[in-house]
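The values are calculated or read from the model by the stated rules, or taken from the named source; none is laboratory data. Please read these numbers as outputs of a predicted model, since none were measured by experiment. Here the Cβ is made from the backbone with ideal geometry for all residues, glycine too, and neighbour counts use every protein chain on show.
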Amino acid sequence: MKKIFVILSVLTIVLASCENNKKFKVQGVVENAQGKMLVLEHTGIVKTQGIDSMKILASGKYTLKAMRPEYPDFYRLRIENKTIAFAIDSTETVTINANLNNFATDYTIEGSYDSELIKELRLSVINIQNMINSLKPEMEQDERMKKVDEIEEELEKHKANARKIIMQKPVSTAAYFALYQQINGQYIFSPYLQEDYPYWAATGTAYHTFMPKYDRSKNIYNFVLGALKEKQAAKQQEALNQLLQNPTAGYIDIVLPDRKGQEKKLSELEGKVILIDFSTYEAPESIEYTFSLRDLYNKYNKRGFEIYQVSLDRNKLLWEISIENIPWACVRDENGPSNRFALLYNVSKIPTTFLMNKKGDIVARDLNFGQLDKEIDKLLKSK
């Protein structure tokens with residue numbers, strides 16, 4: 001019986017140890033909070049949910065526990081309507097000490113470096129929000145403008161610090177937290193602004209790469225993707241507006257630099273039969289494809305056939321080397337596959353070709369080389 005009791009005791013200790021290893025712990029002291037309910041909450045994407053709680057005793061000491069998350073995630077301590085935000089990743093114990101009187105703003109946090117950064121970011125935004133709230137309608141104009149200048153200065157300091165945090169470790173909870181901070185309901189970092197987009201993209205890509213199944217990874221990735229699509233749509237609309245203001249004869253003019261940096265216009269070839277080609281030299285089949293283009297060019301160029309090739313290559317050096325001996329016009333935009341002419345011509349696959357007659361009308365799209373041969377010959381014979 002004694003042996004059985006010892007074995008059971010050991011098993012109980014082992015099981016308890018295993019169970020504890022699956023949990024994280026938040027502990028510390030909250031002064032002047034005797035009798036108050038302290039709640040540990042999980043801050044989800046959609047809702048915040050309480051997961052543990054206790055009534056603070058005279059000593060102010062507390063310990064709260066919860067299951068460790070599969071992925072790094074966000075939590076908060078709450079007393080009444082006062083909260084402290086923090087993150088949990090592989091950390092088993094976080095120590096947070098505070099005072100009820102200034103619970104949300106004056107506290108210490110140990111055991112989680114990301115949570116220390118989150119505190120820094122959070123207090124900075126609270127300060128800026130308080131400065132904005134201090135603006136009163138009855139203020140004199142000079143005083144008001146001075147306050148506004150101070151707010152803008154603090155906001156830029158905050159963003160500079162946040163940029164540093166994001167780029168040092170874009171996959172961190174601190175980086176994620178920084179991107180989703182708001183003032184007056186508006187994101188401080190907007191994925192729709194050119195200067196802010198790279199920070200959203202860096203964190204979105206990092207989360208998607210290292211934690212692709214995580215709901216927060218999917219959330220930020222879709223958010224960034226949506227912003228990118230909207231930006232592309234805006235570019236396309238801008239190009240369309242330019243087209244309406246400067247109409248051409250049945251086609252959209254393209255103006256881009258060649259490998260020597262000289263701008264080449266599609267409209268300069270007007271009056272000839274032209275193959276407008278959107279393609280890339282990075283593709284494995286590009287050598288065979290280029291030979292087929294060369295056969296068409298050699299066969300019909302002297303009769304008035306031209307090729308205007310728009311490179312969608314990402315690698316500029318590879319493109320420059322590849323087209324060194326190309327006899328036709330080949331141009332490239334620094335944005336590679338995202339250039340606005342590819343959007344305007346609705347290029348959805350590589351390669352995409354358009355055949356244009358002597359009058360400047362596009363008469364065919366994406367013909368195979370056999371069909372192109374026949375159509376080019378027919379168009380060259382026509383008046």
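Taking the criterion of being crowded, with 18+ Cβ neighbours inside 10 Å, over 21 Å from S292 (Cβ atoms) and polar (S, T, N, Q), the only residue of the range 316-356 that qualifies is N339.
Taking every residue in the range 239-267 that is under 18 Å from K359 (Cβ atoms) and pairing it with any residue that is modelled with pLDDT under 55 and part of a loop (DSSP other than H, G, I, E, B), at least 6 positions away or on another chain, the pairs with Cβ-Cβ distances below 8 Å are D253/N246; S267/T248. D313 falls short on exactly one of the conditions (1) more than 21 Å from I254 (Cα to Cα); (2) crowded, with 19+ Cβ neighbours inside 10 Å; (3) acidic (D, E), and that condition is (1).
Here are some conditions: (1) more than 20 Å from D215 (Cβ to Cβ); (2) buried (at least 19 other Cβ atoms within 10 Å of the Cβ); (3) modelled with pLDDT of 95 or more. M54 meets all but one. Which one does it not meet? Only one criterion is unmet by M54, namely (2). If the condition is being in a loop (DSSP other than H, G, I, E, B), among the aliphatic types (A, V, I, L, M) and modelled with pLDDT of 90 or more, then the range 164-199 contributes V171, I188. Counting only residues that are under 30 Å from M131 (Cα atoms), over 8 Å from the mean Cα position of the chain (by Cα) and of a type in the set (S, T, Y), the range 183-223 holds 3 of them.
Among the listed residues L343, L296, which satisfies the condition of being at pLDDT 95 or above, touching a helix residue (DSSP H, G or I) at 6+ places or on another chain (Cβ under 7 Å) and of a type outside the set (V, I, T)? After applying the criteria, what remains is L296.
For the range 132-143, the criterion of being basic (K, R), on the phi < 0 side of the Ramachandran plot, part of a helix (DSSP H, G or I) and surrounded by fewer than 17 Cβ atoms within 10 Å (Cβ to Cβ) is met by none of the residues.
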